[in-house]
Every structure is written in structure tokens, then in C-alpha cells.
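Comments concern the structure below.
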Amino acid sequence: MEVKTLQKYLGMAVHFIYYHHHRLNNEKVFEDDYWEHLLKTGTLEYWEMLYKCLDFALTQDDYCLSIVDSPFKERYSEADIKLFFEKFHVYLRARLQVKFDGLPP
């Protein structure tokens, strides 16, 4: 995975923690209609790439945070950002699977 791609998408993922931090430790972090919101703000291909970047980042010790430049890295703890990455990864995987399951072969 290219560093520039990781920086772009993971930087955006770090940005998203702002909207969900207050529910980060709840079982339900994302609202029921959040997927519809995401599809209005970005293409399916965008969310697939973000998922792939998160998938890669979760295999790295620092979750690739050392290459991400975001003011939100200073606002939230590394542990919170890593937890958000994990939860957002699971959320996107589930939503993308539902999206693909509904497509004809």
C-alpha cells in the first residue's frame, strides 16, 4: 500500500473520530442511518479504499499513525484513535458486505 494513499485515507479516518468520540466506548458507535450518510458524502469506491487502508493499518504496530498528519491526533489519545480504527473497520466491513451481497453475480 502506498504511503500517500494511507496518509490520505487514514487522515480522513482520524478526522471522523471527532463525530463519534462521545460514543466510542459504547457498543453502538454509529447511528443506524450512518451508512446512507457515508454513501451521500463519498462513493462506494472511496469507502472500499478506506476499508482497505484500515485493514492494512490494523496489521501494523502503530496502526500507521506515525505517517498520518491530522490535528485530531493531538486532540485524542492514540488508544482512542486505534479503537476507532478497529470499530470503523468492522463497521465498514459489515456495510460493504451487505452492499456486495445485494449485487447480482
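Values for this structure:
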item: Qualifying residue in the range 22-36 (condition: of a type outside the set (Asp, Glu), closer than 19 Å to residue 8 by Cα, assigned to a helix (DSSP H, G or I) and open to solvent by less than 100 Å² (accessible area, probe 1.4 Å)); result: no
item: Hey, residue 52 surrounded by 15 or more Cβ atoms within 10 Å (Cβ to Cβ) and within 21 Å of residue 25 (Cβ to Cβ) or not; result: no
item: Residues located in the range 37-54, provided they are of a type in the set (S, T, N, Q) and either part of a loop (DSSP other than H, G, I, E, B) or touching a helix residue (DSSP H, G or I) at 6+ places or on another chain (Cβ under 6 Å) (or both); result: 43
item: Residue count, the range 1-18 (criterion: open to solvent by 90 Å² or more (accessible area, probe 1.4 Å) and touching a helix residue (DSSP H, G or I) at 6+ places or on another chain (Cβ under 9 Å)); result: 3
item: Some residue of the range 60-68 being at positive phi, touching a helix residue (DSSP H, G or I) at 6+ places or on another chain (Cβ under 7 Å) and not small (Gly, Ala, Ser); result: yes
item: Tally, over the range 55-95, of residues that are open to solvent by 60 Å² or more (accessible area, probe 1.4 Å), within 16 Å of residue 8 (Cβ to Cβ) and in contact (Cβ under 8 Å) with a residue 60 or more places away in the chain; result: 1
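The values are calculated or read from the model by the stated rules, or taken from the named source; none is laboratory data. Since the model is a prediction, treat every value here as computed from it, not as a measurement. All Cβ positions, even for glycine, are placed from backbone atoms using ideal geometry, and neighbour counts span all protein chains on display. The area values use the complete protein model at the heavy-atom level, side chains included, leaving out ligands, DNA and RNA. Shrake-Rupley method; radii C 1.70, N 1.55, O 1.52, S 1.80 Å.
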